[in-house]
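Step one of this worksheet: look at the structure below.
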Amino acid sequence: MSPNRRRPLVGGNWKMHFLRDDATRFCDALLAGGALPADVVLFPSFPLLHSVAEALTGSEVGCGGQDIHPADKGAHTGDVSGAQLVDAGCSWVLCGHSERRHDHGEADDLVRQKAVTALRYGLTPLICVGETQAERQAGRTFEVLERQLRAALTDGPATFTLAYEPVWAIGTGETATPEIAQDAHAFLRGQLGDMLGETAAEAKRILYGGSVNPQNAAELISKPDLDGFLVGGASLDPEKFLAIIRSCGSDT
Ligand code: PEP
């Protein structure tokens, strides 16, 4: 890793997978991997949070929720609050993952509200943006990224991490080429520069997500504006996840 590089961050988005035993076995294997060249955070589903946070106690691996409701508490069946996430041991939360946008109709403004609430509870929002296949084919990628980013950040959280997750690459095995990913990341960093100033934009970590695996991670992370990964499928196998994390420690 070159000395000036932002320290990489790798998130494991477990989505709706794993039972408690799987989760604790995974944590044991991950922690047995020794010192890691990246910050690491796991995003288990809600019922697993307590066990995972407990299994990670004393380690540097963080734990985060996959969603948050913008309200502090109340009649919101099936939702989870910032206070509950903190109480369960979280320090992170995903906001605006494409599966939330698609499955639950989450619009840009709701993503902003969730990110603001997260920060109010001391949780770092990991804000996800990304275009669909149709949007890319129509030449609208940058327009969509700009819209999602500005909606999330205008009057939004002061502290956040960003993930570029092209929807067409999520869970499909069709990873963005390193060049496509770099183009999008450079565009996003440019937008951050407009909104936050150059220095803040240069300091921000922008993760790539979309069918990352041990075979493609090293080439992706070699691109200058990629600062780590948000990993879905490959984060369910501790060996693959560790290999992806370790790829962040080698300059290729
Ligand atoms: C994700 O869900 O954030 C993701 C990137 O999934 P996958 O790695 O399986 O494409």
Could you tell me which of HIS104, LEU207, THR161 has its Cα farthest along the dipole of the chain towards the positive end, charges placed at Cβ (Lys, Arg +1; Asp, Glu -1), taken about the Cα centre?
THR161
How much length is gained on full extension from ALA107 to GLU219, taking 0.36 nm per residue of separation minus their Cα-Cα distance?
37.0 nm
Taking 7 Å along the Cα-to-C-beta vector as the label spot, tell me the THR177-SER91 distance in nanometres, rounded to one decimal.
3.8
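Under a Cβ-Cβ cut-off of 13 Å, what is the net charge of the residues other than LEU9 that fall near it, where Lys and Arg count +1 and Asp and Glu count -1?
Summing Lys and Arg as +1 and Asp and Glu as -1 gives +2.
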In whole Hz, the Karplus estimates of ³J(HN,Hα) for segment 89-99 (6.51, -1.76, 1.60; θ = phi - 60°; x where Gly or Pro) are x, 7, 10, 9, 8, 6, 10, x, 4, 4, 6
If eta is 1.002 mPa s and T is 20 °C, what Stokes-Einstein diffusion coefficient results for the chain, Kirkwood Rh from Cα pairs, in µm²/s?
119
Counting pairs of alpha carbon atoms under 8 Å apart in space and at least six apart in sequence, what relative contact order in percent does segment 212-252 give?
57
What is segment 72-184's relative contact order, in percent, from Cα pairs under 8 angstrom and six or more apart in sequence?
26
Under 18 Å Cα to Cα from LYS240, which lysines show up? Leave out anything in the same chain fewer than 8 places away.
LYS15
At a Cα cut-off below 22 Å, give the lysines reachable from LYS73, other chains included and same-chain residues fewer than 8 away excluded.
LYS114
Per-residue Cβ contact counts at 10 Å, fewest first, order TYR121, TYR164, TYR208 as TYR121, TYR164, TYR208
Taking amide hydrogens as modeled 1.01 Å from N in the peptide plane, which residues meet the under 5 Å criterion relative to GLY232, leaving out close sequence neighbours?
ASN13, GLY210, SER211, VAL212
Descending packing, highest mean Cβ count within 10 Å first, for 192-204, 56-68 is 56-68, 192-204
Nonlocal amide H pairs with VAL10, under 5 Å, H built at 1.01 Å:
ASP39, VAL40, VAL41, PHE229
For LEU19 and ALA200 in the same chain, what is the full-extension length gain: residue separation times 0.36 nm, less their Cα-Cα distance, in nm?
61.2 nm
Given Cα pairs under 8 Å that are at least 6 residues apart, what percent is the relative contact order of the chain?
21
Which lysines, on any chain, are close to LYS223 with Cα under 20 Å apart, when same-chain ones fewer than 8 places away are left out?
LYS204
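Bear in mind these aren't lab numbers, they're just calculated from the coordinates by the rules spelled out. Worth saying up front: this structure is predicted, and the values here are computed from it rather than measured. Ideal geometry is used to build each Cβ from the backbone, glycine not excepted, and the neighbour counts take in all protein chains shown.
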